[in-house]
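Here is the structure we will look at, set down as structure tokens.
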Amino acid sequence: MALLKSLSTAQKIGLASAAIFYVVAGSLHFIKPNEYLRIVPPSIPWHVAIARLSGGFEILGGLGLLVPRIRRAAAWGLVALLIAVFPANVYISTNPIEAGAVFIAPVLRWGRLPLQLLLIWWLLWGTRPRLSFR
């Protein structure tokens, strides 16, 4: 019979790192809001609200990763957020001057796009309980 076990040490370290990453990233939406306002594509309305909401959700998601009962839901919430902000990453890549990213090398701007998949994997791997067969 397979039983769910607690997270591995690697997963715990990965989750703690992800929690710090998302809390810091979310906080930056409030500390340096102009950086985030510039990357919201013009076709998306309410730039200030969108930047604040995404930052707030990053903070909440990061903190949620530290709470065992809501950890998996927090990870899925962050996955949804990563998908929701994908247009901003495309905008940075395709409009570096308008997005204030002209100083970032093109390989790094375009590299952000596949990086989203790695961030999604990191969240889901970190919250998946191990199986133990007995």
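The values are calculated or read from the model by the stated rules, or taken from the named source; none is laboratory data. Owing to the predicted nature of the structure, the values given are computational and were not obtained by experimental measurement. No Cβ is skipped: glycine too gets one built from the backbone with ideal geometry, and neighbour counts run over all protein chains shown.
Odds and ends about this structure:
- Pairing residues of region 64-78 that are touching a residue at least 24 places away in the same chain (Cβ under 8 Å) and buried (at least 17 other Cβ atoms within 10 Å of the Cβ) with residues that are of a type in the set (Lys, Arg) and part of a helix (DSSP H, G or I), at Cβ distances under 6 Å and at least 6 apart in sequence or on separate chains, gives LEU65/ARG71.
- Being under 22 Å from PRO33 (Cβ atoms) and modelled with pLDDT of 95 or more holds for only one residue in GLU58, GLU98, and it is GLU58.
- Test: VAL79 is under 15 Å from ALA16 (Cα atoms) and of a type outside the set (Asp, Glu): no
- Note on region 42-55: residues that are at pLDDT 90 or above and either within 20 Å of ILE13 (Cβ to Cβ) or surrounded by 15 or more Cβ atoms within 10 Å (Cβ to Cβ) (or both) total 5.
- None of ILE39, ILE44, ILE20, ILE59 is of a type outside the set (D, E, K, R) and free of Cβ contacts under 8 Å to residues at least 40 places away in the same chain except ILE59.
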